[in-house]
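Novice: Sharing a structure with you now.
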């Protein structure tokens, strides 16, 4: 993990895994680099903001400092993007009912995902359309998520 840039001149320690697991090497992190390491492990290269347990696993696998566990839990609990995306318990709902399409192209399932890494053509979004009856699928890359390019793909 390149969370600290160059690891030259830094010290590693050998950590024992659970019984049956291979020992692994942890980088000893100076106190001034802890926040940088936590941002890298929690946000990852994709900015996915892993939960507390996955962030703890990432830190434990690669890094060590005396208060790593407490610092990691505190960092995750104070993460603004994670706190803005409040996961609430879903209300109970009735049993699911099957949705039946009677003819080809009668019902479509459409999904727009992004931002993805920039393509050579400058596209960062993917529009996926699936026909319910025939299961025919089409994926199109888009430069923006504006209505006009989406409508052009759909028409």
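Novice: As an exercise: evaluate residue 155 against (1) at pLDDT below 90; (2) in contact with a strand residue (DSSP E or B) (Cβ under 9 Å, 6 or more places away or on another chain); (3) closer than 28 Å to residue 100 by Cβ and give the number of the one condition it does not meet.
Specialist: Of (1) at pLDDT below 90; (2) in contact with a strand residue (DSSP E or B) (Cβ under 9 Å, 6 or more places away or on another chain); (3) closer than 28 Å to residue 100 by Cβ, only one is false for residue 155: (2).
Novice: Can I ask one more? Consider residue 25 against the criteria (1) outside any loop (DSSP other than H, G, I, E, B); (2) at pLDDT 90 or above; (3) farther than 30 Å from residue 116 by Cα: it satisfies all of them except one. Which criterion is unmet?
Specialist: Checking residue 25 against (1) outside any loop (DSSP other than H, G, I, E, B); (2) at pLDDT 90 or above; (3) farther than 30 Å from residue 116 by Cα, the one that fails is (2).
Novice: Residues that are surrounded by 13 or more Cβ atoms within 10 Å (Cβ to Cβ), over 30 Å from residue 124 (Cα atoms), more than 19 Å from the chain's Cα centre (by Cα) and at pLDDT 90 or above: does the stretch 92-104 have at least one?
Specialist: Start the filter on the stretch 92-104 by keeping residues that are surrounded by 13 or more Cβ atoms within 10 Å (Cβ to Cβ), which leaves 101.
The next check asks that each one be over 30 Å from residue 124 (Cα atoms); those that pass are 101.
Still in the list and also more than 19 Å from the chain's Cα centre (by Cα): 101.
Within this subset, residues satisfying the condition of being at pLDDT 90 or above are none.
No, that holds for no residue.
Novice: Against the definition (over 29 Å from residue 117 (Cβ atoms) and at pLDDT 90 or above), how does residue 67 come out, yes or no?
Specialist: Values: over 29 Å from residue 117 (Cβ atoms): yes; at pLDDT 90 or above: yes.
For residue 67, the condition - over 29 Å from residue 117 (Cβ atoms) and at pLDDT 90 or above - is met.
Novice: While we're on this one: Given the conditions (1) assigned by TED's automatic domain parsing to the domain that holds residue 142; (2) at pLDDT 90 or above, which single one is not true for residue 115?
Specialist: Unmet for residue 115, out of (1) assigned by TED's automatic domain parsing to the domain that holds residue 142; (2) at pLDDT 90 or above: (2).
Novice: A follow-up question, please. Please verify whether the stretch 140-147 includes one or more residues that are touching a strand residue (DSSP E or B) at 6+ places or on another chain (Cβ under 6 Å), part of a loop (DSSP other than H, G, I, E, B) and either surrounded by fewer than 16 Cβ atoms within 10 Å (Cβ to Cβ) or not assigned by TED's automatic domain parsing to the domain that holds residue 26 (or both).
Specialist: yes
The values are calculated or read from the model by the stated rules, or taken from the named source; none is laboratory data. Fair warning: this is a prediction, and the values are worked out from it, not measured in the lab. Cβ: placed from backbone, ideal geometry, glycine included. Neighbour counts: every protein chain shown.
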